[in-house]
Amino acid sequence: MCTVVVRVAPGSPWPVTMLALRDESPERPWDPPAAWWPERDASVRGVRDRSAGGAWLAASDTDGLAVVLNRGEAVPSADGTWTTRGVVPLDALAGNTPGRDGTLPTTRAFNLVRATADGAEVVAWDGTEVRTTPLGPGVHMVTHGEPDDPAAPRIGRWLDAFRAVDAPEAPPVLGPFDELRSADHGVDAGDGWSGWFGVLARSADLPTDHPDAILRDVHEREGHMTTLSIVAAAVGPERIVLQHARLTEPGRLDGSVELHRA
């Protein structure tokens, strides 16, 4: 189950900033942000799942940013198969937001965090209905249930901490791992991200199988799930900046990382 922290500030030069952490099976291959879907739109770049060909996170300078997170509700299927959730961010950037035309998704349950320069929202599919929750000005947190739900362990433990520090107001300058090292040593990298990365660094003191842990390495109903990568993103009226880090030791910040800017 992934984690997303979102700041919404309508009218600012960068109306949405986001910190997204991806949880997935360590056995499932994937690729860092790039333009992997030229047959759809050559301007779309994102984190690609090699197995099914979809995206966990996708971005377009003209159409915004979309991130999909798993939900836990069971979704019935007549033949025991579902459409990959990786199509959801790609479809959303193409203007096909789930449920908009009244047709229910054929995927397992998900939360879709959708952001443009006009703001952000969460589109939830729980197997019964599609609901859209606008995210108002301020800092929000999304995991496997409802946005900002204090009953969700990670949200209940960390949302107030993210809200208590200065939120980033512009794109990151450093890569996520360098941001973490700076914040962990009490140094402001000068780009406004040290507050959020400081909270993330503190959260890493928890065991990776703790219910409140943001950086995770656990065995759940869907199998072995671990935090594999971090994306720091800023959404502006004319472009989106992504800084991505692949964790070479899943669920851990003290190993080496591979950095990408897209």
Taking the options Pro168, Pro172, name whichever one is closer than 23 Å to Pro147 by Cα and assigned to a loop (DSSP other than H, G, I, E, B).
Pro168
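Here is a yes/no grid of residues against (1) of a type in the set (Gly, Ala, Ser); (2) under 24 Å from Asp212 (Cα atoms); (3) out of contact with any Asp or Glu (no Cβ under 8 Å at 6 or more places or on another chain):
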residue	(1), (2), (3)
Asn111	no, yes, yes
Ala120	yes, no, yes
Ala124	yes, yes, no
Gly127	yes, no, no
Pro137	no, no, yes
His140	no, yes, no
Gly145	yes, yes, yes
Asp148	no, yes, yes
Could we say that Ser194 is within 13 Å of Leu19 (Cα to Cα), among the polar types (S, T, N, Q), touching a helix residue (DSSP H, G or I) at 6+ places or on another chain (Cβ under 7 Å) and buried (at least 19 other Cβ atoms within 10 Å of the Cβ) here?
yes
Please determine whether any residue of region 49-67 is open to solvent by 10 Å² or more (accessible area, probe 1.4 Å), in a loop (DSSP other than H, G, I, E, B), over 19 Å from Val6 (Cα atoms) and charged (D, E, K, R).
yes
Regarding region 236-247, can at least one residue be identified that is modelled with pLDDT under 75 and not basic (Lys, Arg)?
no
Would you be able to say whether some residue in region 32-43 is surrounded by fewer than 22 Cβ atoms within 10 Å (Cβ to Cβ), free of Cβ contacts under 8 Å to residues at least 60 places away in the same chain, out of contact with any His (no Cβ under 8 Å at 6 or more places or on another chain) and outside any loop (DSSP other than H, G, I, E, B)?
no
Cβ pairs under 8 Å, 6+ apart or interchain, first in region 210-239 and open to solvent by 20 Å² or more (accessible area, probe 1.4 Å), second basic (Lys, Arg) and modelled with pLDDT under 90, ordered by first then second residue, are Asp217/Arg252
Can you tell me which residue in region 72-102 is most open to solvent (accessible area, probe 1.4 Å), limited to those that are within 23 Å of Ile240 (Cα to Cα) and polar (S, T, N, Q)?
Asn96
I need a count of the residues in region 72-103 that are part of a loop (DSSP other than H, G, I, E, B) and either within 26 Å of His140 (Cα to Cα) or of a type in the set (Ser, Thr, Tyr) (or both).
16
What's the number of the condition Phe197 fails, among (1) modelled with pLDDT under 95; (2) assigned to a loop (DSSP other than H, G, I, E, B)?
(2)
Exactly one condition in (1) open to solvent by less than 60 Å² (accessible area, probe 1.4 Å); (2) at pLDDT 95 or above; (3) among the small types (Gly, Ala, Ser) is not met by Gly175; state its number.
(2)
If I ask for residues that are at pLDDT 90 or above and among the basic types (Lys, Arg), which ones from region 200-235 would you list?
Arg202, Arg216
May I ask you to say which residue of Asp178, Asp160 is among the acidic types (Asp, Glu) and out of contact with any strand residue (DSSP E or B) (no Cβ under 9 Å at 6 or more places or on another chain)?
Asp160
Number of positions in region 133-185 that are under 17 Å from the mean Cα position of the chain (by Cα) and of a type in the set (S, T, N, Q)
2
Tell me, please, whether a residue that is closer than 30 Å to Thr208 by Cβ and either in contact (Cβ under 8 Å) with a residue 60 or more places away in the chain or β-branched (Val, Ile, Thr) (or both) can be found in region 93-103.
no
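The values are calculated or read from the model by the stated rules, or taken from the named source; none is laboratory data. Please read these numbers as outputs of a predicted model, since none were measured by experiment. Positions of Cβ are generated from backbone atoms using ideal geometry, with glycine treated the same way; all protein chains shown enter the neighbour counts. Each accessible area value is taken on the protein alone, full model and side chains, heavy atoms only, with ligands, DNA and RNA left out. Shrake-Rupley method; radii C 1.70, N 1.55, O 1.52, S 1.80 Å.
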